[in-house]
Structure formats: structure tokens, C-alpha cells
């Protein structure tokens, strides 16, 4: 199942310094890129993720392994490993990788085996220079299986899992030798990097002037050396929506009221994750990768502000922010220096 590679529209290695390349087998590497701001968060604050899916019926192990190999080769972000160089993170896109695939046969409970496998897999270090994707098939017998897919959030967002499994199903069921390669996540990185940032920089400089990210005081945090599992469930009808207000914005308003009570301040600043797949890039909706950004949202509360008033204020700000979201967070380093 060979995948035909298309030529990248941008000059490879143009976003990194040459000293980074000296430690790599450059003949085996397709490109090296800086990681985006959201990818930094995923590398440093999130563990790997294992998704489990029940499968019934006979499975051709050879076909499944070949299909997985094709999917990884098709999507460049799945051939990407992450490294650290002089305190900065980079993503190295390999031309090909040895695809981790494991088949486990066990008469034990599938849930027990899958939990054991996942607990080991999620603790693999994300910045190791090794592939993060892995496919594990756990079989209790010829008819009952669980498929475990390990990924890092640096490699996908909420839009990507249907793409991944559609391609896996396609490669398992038909001949995909003539299927073209998928769009590159690197194209997204280059596109964001090429966006003119001055107008966005001026907008954020004015918007954030005099503000600080709202931090929880230590006295409000229940710190403990012992991990605790916290679960809560709630069932009920969704409250009626306010005119011209989205439900997520209502949640953001509720967060603002909670934070202002906890920190006793009326100027609240927090980050909000947004989708960035509406940038002008061909094939963006078929691209595997973390196409998101984290934008600051600011709320200035007054004693007599109503929930509806705060929602409308946040909504108006969000409309303004929409045109500035390609401004990748790594550029906020220089922005913050201007505010100090």
C-alpha cells in the first residue's frame, strides 16, 4: 500500500535554524518545524491519549497492520516526532516510520487488559524523538476484540478522529494504491506563519493593555501529594438560550463570575480554545493535526452587570477576535514584553 507523496508548497526546513538539523539524519527527514502554541500546551500539560473501540467478528491481522501502516504514511502528522533543542520544541516529519502495532491475545476480560495496556501507553514521554502513534488489537477470541489507538493531542483535534478511522476502514476494505496523499499539517503551520501579523499585533496590544492572566491563589487550591479521582454527573434540561447568545459563551460568562468571586478582581483574563480551520488553505478540512488556537478572552465586570450583559460583552469581543485568530501564540512572547 504505497502512498504517493506530493511536493510541499513551501521550502522545507525554512522555519528552523541550521544547527537543529545537524543532530538529525536529514536524508530520512521530510521537514522540521517549530511547534505551535497549542502543541506546546499538549506536549507539556497533557499525557498521551488512548481511544478504545469494540470490534465484533473476524479480523485479518495482516490487512489491519497494512491498513494502519498506510494511514500513518498518508498523514504526515502521524509520521512526526517531537524533540527539544535549546529549550524549544520542534516537530520532525520523517519520510517513513516503523509503525508500532501490537496484537494481544488474552482470555482475560477485555476491559482489564485494555486498561492495563492504556495505563502503560499513556505514560510514554511525548518528547522522545520516537513515534507517538500506536495501534493495539486486543483479542479475547476470534470474534471479540478491542482496538486501542494511542495519539498525542499535538497530532489531532476534535475534527480528526473521523478522518483517521475513515481512512483506516478504507485501507482495510479496498485497494488504496491509487489514493492520493492527504494534505500536510506542515502546510497549516507555514500558512499561519505567513499571515501578516502587524494589524493583529496592534489589536492584541490594545486589547490586553493593563491585564494579567487570572491565576487562582494558592489558598483556593486543595494541594495534596495523593492523587484523587473526582467524578460528578448531572442530568437535566439545557437552560433556555438567551437572544443572540451561544451556549459556550454562556459557560464563559459563568466562568467569569466564578473567577471574580475567587480572586476578588473585576478584570478577568483567561484562555479559550478555538478552531482555526477556516483559514485560506486548500484541503484544511481533510488535514490531520491540531488546527486550534488559544486566544485570550477578557471580561471587565461591574457590580450591577447582568448575566445577559456579560454574555453580550463577551460575544461582541469574540466577533472582533475572530479576524485575529491566525496570530499564532508564539508571537505573544514579544507582545507581552510590550505590555510590561
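So here's what we get for this one:
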quantity: Gain in span if fully extended, residue 286 to residue 307, counting 0.36 nm per residue against the direct Cα distance; calculated: 3.7 nm
quantity: DSSP-defined beta bridges in the chain - what % are antiparallel, rounded to 5; calculated: 85
quantity: Between helix 110-121 and the chain: long-axis angle, C-alpha atoms, 0 to 90°, nearest 10; calculated: 70
quantity: Projected label distance in nm at residue 123 and residue 319, using a 7 Å step from Cα toward the beta-carbon; calculated: 5.1
quantity: Inter-label distance for residue 213 and residue 54, nm, one decimal - labels placed 7 Å from Cα along Cα-to-Cβ; calculated: 4.1
quantity: Order of 202, 187 under a 10 Å beta carbon neighbour criterion, fewest first; calculated: 202, 187
quantity: Å³ per residue enclosed by the Cα convex hull of region 1-112; calculated: 162
quantity: Nearest-ten-degree value, helix 247-263 long axis tilted from longest Cα axis of the chain; calculated: 60
quantity: Full-extension gain in nm, residue 45 to residue 258, via 0.36 nm per residue minus C-alpha separation; calculated: 74.3 nm
quantity: Theoretical FRET efficiency, 1/(1+(r/R0)^6), r = Cβ-Cβ of residue 115 and residue 180, R0 30 Å, to 0.05; calculated: 0.20
quantity: Approximate shape of the chain as ellipsoid semi-axes (Cα gyration tensor, √5λ), whole Å, largest first; calculated: 38, 27, 20
quantity: Cβ-based exposure ranking for 205, 298, 79, in which fewest neighbours within 10 Å come first; calculated: 205, 298, 79
quantity: Computed lengthening from residue 238 to residue 106, 0.36 nm per intervening residue step minus Cα-Cα distance; calculated: 43.2 nm
quantity: Separation in nanometres of the label points that stand 7 Å from Cα toward Cβ, at residue 14 and residue 205; calculated: 2.7
quantity: Footprinting exposure proxy for 237, 130, 166, 65 (fewest neighbouring C-beta atoms within 10 Å first); calculated: 237, 166, 130, 65
quantity: Gap separating the Cα centres of region 236-288 and region 48-77, nearest whole Å; calculated: 34
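Throughout, read-outs are computed from the coordinates displayed, never taken from laboratory work. Quick caveat: nothing in here was measured; it's all calculated off a predicted structure. Positions of Cβ are backbone-derived with ideal geometry, glycine not excepted, and every protein chain shown enters the neighbour counts.
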